[in-house]
1. Tell me which residues, restricted to segment 65-100, are in contact with a Leu (Cβ under 8 Å, 6 or more places away or on another chain) and either part of a helix (DSSP H, G or I) or farther than 16 Å from Thr35 by Cβ (or both).
2. Cβ-Cβ below 6 Å, separation at least six or inter-chain, first residue in segment 1-25 and without any contact (Cβ under 8 Å) to a residue 12 or more places away in the chain, second charged (D, E, K, R) and assigned to a helix (DSSP H, G or I): which pairs?
3. Name the pairs: first residue in segment 107-123 and closer than 19 Å to Leu228 by Cα, second residue among the aromatic types (Phe, Trp, Tyr) and open to solvent by 20 Å² or more (accessible area, probe 1.4 Å), Cβ to Cβ under 6 Å, at least 6 apart or on different chains?
4. Quick one: Val95 ticks every box in (1) within 30 Å of Glu125 (Cα to Cα); (2) at pLDDT 95 or above; (3) of a type outside the set (Lys, Arg) bar one, so which box is it?
5. Return the residues of segment 101-113 that are part of a helix (DSSP H, G or I) and among the β-branched types (Val, Ile, Thr); say none if nothing qualifies.
6. Would you please list the contacts, defined by Cβ atoms under 6 Å and residues six or more apart or on different chains, that run from a residue in segment 32-45 that is over 17 Å from Ile21 (Cβ atoms) to a residue that is surrounded by 13 or more Cβ atoms within 10 Å (Cβ to Cβ)?
7. What about Ser25, is it at negative phi, modelled with pLDDT under 90 and open to solvent by less than 70 Å² (accessible area, probe 1.4 Å)?
8. Hey, among the residues in segment 231-247 that are assigned to a helix (DSSP H, G or I) and polar (S, T, N, Q), which one's surrounded by the most Cβ atoms within 10 Å (Cβ to Cβ)?
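The values are calculated or read from the model by the stated rules, or taken from the named source; none is laboratory data. What you see is a predicted model; the values in this text were computed from it and never measured. Here Cβ is always computed from backbone atoms with ideal geometry, including for glycine, and neighbour counts include all displayed protein chains. The protein model used for the area step is the full one, side chains on, heavy atoms only, and it has no ligands, DNA or RNA in it. Shrake-Rupley method; radii C 1.70, N 1.55, O 1.52, S 1.80 Å.
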Amino acid sequence: QRLEKLLEDTGIKLSATVSNILGVSGRAMLEALITGERDPRVLADLARGSMRRKTDALIEALTGNFTSHHAFLARAMLDRIDACTATEMRLSKHVEVMLQPFRRRIELLVTIPGEARAAQVILAEIGDDIGRFPSAADLASWAGVCPGNHQSGGRAGSGKTRHGDPWLKAALGQAAVSAARTKDTYLAARYRRILARRGKKRALVALEHSILIAVWHMFTRDTGYADLGGQYFIERTGRARQTRRLVSQLNQLGYQV
């Protein structure tokens with residue numbers, strides 16, 4: 001973001017044309033700018049692949065006032081980005097080595113739709129020994145993804161969730177967003193069903209809860225995720241009941257069915 005802001009300070013709006021300014025094409029243009037090339041046409045000619053179809057837009061985006069001072073700052077920023085990337089790669093390799101004894105758990109987690117990236121964090125937070133949680137409800141409560149139960153004087157208060165484990169909740173949130181975008185899955189159907197009644201935030205928390213419940217059963221039984229399908233709620237309520245409801249809605253809209 002700082003590198004992009006530096007480029008905009010020079011009048012170069014590369015991010016408006018290039019989706020990733022640190023990609024192959026973007027990086028080549030940046031390196032050329034740093035080494036002293038200022039001709040927009042020469043810089044645009046460094047584009048690769050499909051980017052070559054945007055030559056005119058690139059020429060316009062690369063027209064600016066990039067000075068030697070900006071080149072010095074850009075070089076420093078790129079060196080720092082490269083150093084962080086190298087550190088990230090070393091950490092990723094180390095994490096892979098540490099996860100070898102728990103490879104079976106990871107294989108189970110990635111069977112859940114949308115769980116590929118969050119699997120490592122979920123395992124790190126809940127641990128390998130699922131026996132510490134007597135039931136799936138205990139795990140969901142500990143993680144803070146189940147509705148709160150606040151009562152005083154016989155009156156029920158807010159159902160806001162507790163804080164729980166922030167790292168686990170963040171990973172579950174990412175997994176829930178990914179699962180909500182999947183096609184013809186139980187989690188996507190559940191998300192749409194709750195979204196219409198309770199809103200986006202509550203629907204995502206409900207998906208986090210469902211994912212964690214599934215994780216407890218998968219770890220307990222050592223079995224993969226069994227998706228109920230996108231038609232689960234229609235089949236559960238019965239096709240006849242669903243048909244009557246939809247026909248009634250169409251009749252209320254003025255259609256004769």
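1. So the first thing to find is which residues in segment 65-100 are in contact with a Leu (Cβ under 8 Å, 6 or more places away or on another chain), and the list is 66, 70-71, 73-74, 77-78, 81, 99.
Passing the criteria: His70, Ala71, Leu73, Ala74, Met77, Leu78, Ile81, Leu99.
2. Ser15/Glu4
3. Note: pairs meeting the criteria are Thr111/Tyr225; Ile112/Tyr225.
4. Evaluating Val95 over (1) within 30 Å of Glu125 (Cα to Cα); (2) at pLDDT 95 or above; (3) of a type outside the set (Lys, Arg) leaves (2) as the failure.
5. So the first thing to find is which residues in segment 101-113 are part of a helix (DSSP H, G or I), and the list is 101-109.
Selection gives Ile106 alone.
6. Arg41/Ile59
7. Values: at negative phi: yes; modelled with pLDDT under 90: no; open to solvent by less than 70 Å² (accessible area, probe 1.4 Å): yes.
It is false that Ser25 is at negative phi, modelled with pLDDT under 90 and open to solvent by less than 70 Å² (accessible area, probe 1.4 Å).
8. Selected residue: Gln242.
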